[in-house]
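Let me begin by presenting the structure, written as structure tokens, before commenting on it.
The values are calculated or read from the model by the stated rules, or taken from the named source; none is laboratory data. None of the values given here were measured: they were computed from a predicted structure. For neighbour counting, all protein chains shown are included, and Cβ atoms are generated from backbone atoms with ideal geometry for every residue, glycine included. Side chains are part of the model used for accessible areas, which takes the heavy atoms of the whole protein and leaves out ligands, DNA and RNA. Shrake-Rupley method; radii C 1.70, N 1.55, O 1.52, S 1.80 Å.
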Amino acid sequence: MTRIAPSILSADFAALGEDINRVAAEADWLHVDVMDGHFVPNLTVGPPVVRAIRRHTDLYLDCHLMMTNPGEYLEAFRRAGADSCSVHVEIGGTSDLIYRMRDLGLAVGLAVNPETPIDDCIRWLERIDLLLVMTVHPGFGGQSFIEEMVPKIARARKAIDSAGHNVTLEVDGGIDTGTAARVAGAGAEMFVAGSAIFAHEDPAAAARELRAAGDAAREAA
Ligand code: DX5
Ligand code: ZN
């Protein structure tokens, strides 16, 4: 089943609570993009904003840490109310970060950039809960989906299935009804979408359309 994680990066930060309310009924998770101005050339939000969102909603908070040094902040994110954190495989120190997330009671995510081979993630599959495959170069919302990521998602799907461990396959970047169908066909299950949802006049309807597109493609596959 297709699940939807609206990315608040494309919401109105001055009216964040209202924007979350507009999509909550159709959201499985809420995706929080944390950017440190170093791992990616942009700055966004940190634990204080996660804490504010936590007070506002019971939705599962999926924090995508686009950071060079997430280890220093994992505890703060957990205390703020994060449910999962995803760290990037490119920064290294993966084993220690996984251990620390697990120890804090966070669901453990590993994120992988478009240019990084999926093979770099395979050995971690037994220890993680979530594999986040980037389908754009991280840093900004509203970019175009990188089509070459479709076979990469299919490889990730195969690797997860043969690892026999329950890992959610999440995709992030440029997801709209067209690309949702293609990544669902390749085996993605959790769809992050920012602009496709919050640029829509009815964000809940947009999320519903994404889910329907994913489900239809999955049935056809
Ligand atoms: C990009 C972020 C994404 C972003 C997706 O670096 O990781 O989560 O919000 O936005 P859209 O759906 O607009 O590509
Ligand atoms: Zn993200």
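With charges set only on the Cβ (+1 for Lys and Arg, -1 for Asp and Glu), what does the dipole of segment 44-141 come to about its Cα centre, in debye to the nearest 20?
Approximately 440 debye in magnitude.
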* Asked: What is the set of long-range amide H partners of Val108 at a cut-off below 5 Å, with H atoms built 1.01 Å from backbone N?
  -> Asp129, Leu130
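With +1 on each Lys and Arg Cβ and -1 on each Asp and Glu Cβ, and nothing else charged, work out how big the dipole of segment 3-220 is about its Cα centre, in Debye to the nearest 20.
Details: 19 positive and 32 negative charges, 83 e Å.
With only Lys, Arg, Asp and Glu charged at Cβ, the dipole is about 400 debye.
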* **Translational D in µm²/s for segment 65-168 (Stokes-Einstein at 25 °C, 0.890 mPa s, Kirkwood Rh from C-alpha pairs)** => 174 µm²/s
* Work out Dmax and Rg for the chain from the C-alpha atoms and quote the Rg first, both in angstrom. => 15.8, 44
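Give me the extension gain from Thr116 to Ala154: residue separation times 0.36 nm, minus the current Cα-Cα distance, reported in nm with one decimal. Intermediate values should be presented prior to the final figure.
On the way: separation 38, 0.36 × 38 = 13.68 nm, distance 1.50 nm.
Here the segment from Thr116 to Ala154 would lengthen by 12.2 nm.
What percent does the relative contact order of the chain come to when contacts are Cα pairs within less than 8 Å and at least six residues apart?
Working: 445 pairs, mean separation 48.7, N = 221.
Here the relative contact order equals 22 percent.
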* Structure fact -> Most fluctuating of His64, His31, His165 in the GNM of the chain (C-alpha, under 10 Å) is His165
* **Projected label distance in nm at Ala212 and Ser162, using a 7 Å step from Cα toward the beta-carbon** => 3.8 nm
* Separation in nanometres of the label points that stand 7 Å from Cα toward Cβ, at Ala199 and Asn69 -> 3.5 nm
* Can you find, among Val23, Val89, Ala107, the residue farthest towards the positive end of the dipole of the chain? Put +1 on the C-beta of Lys and Arg, -1 on that of Asp and Glu. => Ala107
* Asked: If each of Ala76 and Tyr60 carries a label point 7 Å out from its Cα toward its Cβ, how far apart are those two points in nm?
  -> 2.6 nm
* What's the local net charge at Leu61, with K and R +1, D and E -1, over the other residues with C-beta under 9 Å away? -> -1
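Among 207-215, 172-180, 120-128, 186-194, what's the highest-first ranking by average C-beta atoms within 10 angstrom per residue? Could you put the intermediate results ahead of the total?
Working: 207-215: 20.3, 172-180: 22.8, 120-128: 16.7, 186-194: 24.7.
Listed from highest to lowest mean packing, they are 186-194, 172-180, 207-215, 120-128.
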* Asked: Round to a whole number: what % of the accessible area of segment 11-128 belongs to carbon and sulfur, probe 1.4 Å?
  -> 48 percent
* To do: Could I get the Rg over Rh figure for segment 28-124? Both from C-alpha atoms, Rh via Kirkwood, rounded to two places.
  => 0.95
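What does the accessible area per residue of segment 3-220 come to in Å², with a 1.4 Å probe and no ligands, DNA or RNA counted?
On the way: 9070 Å² over 218 residues.
In whole numbers, segment 3-220 has 42 Å² accessible per residue.
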* Rounded to the nearest 0.05, what FRET efficiency do Arg127 and Arg51 have when you use their Cβ-Cβ distance and R0 = 22 Å? -> 0.20
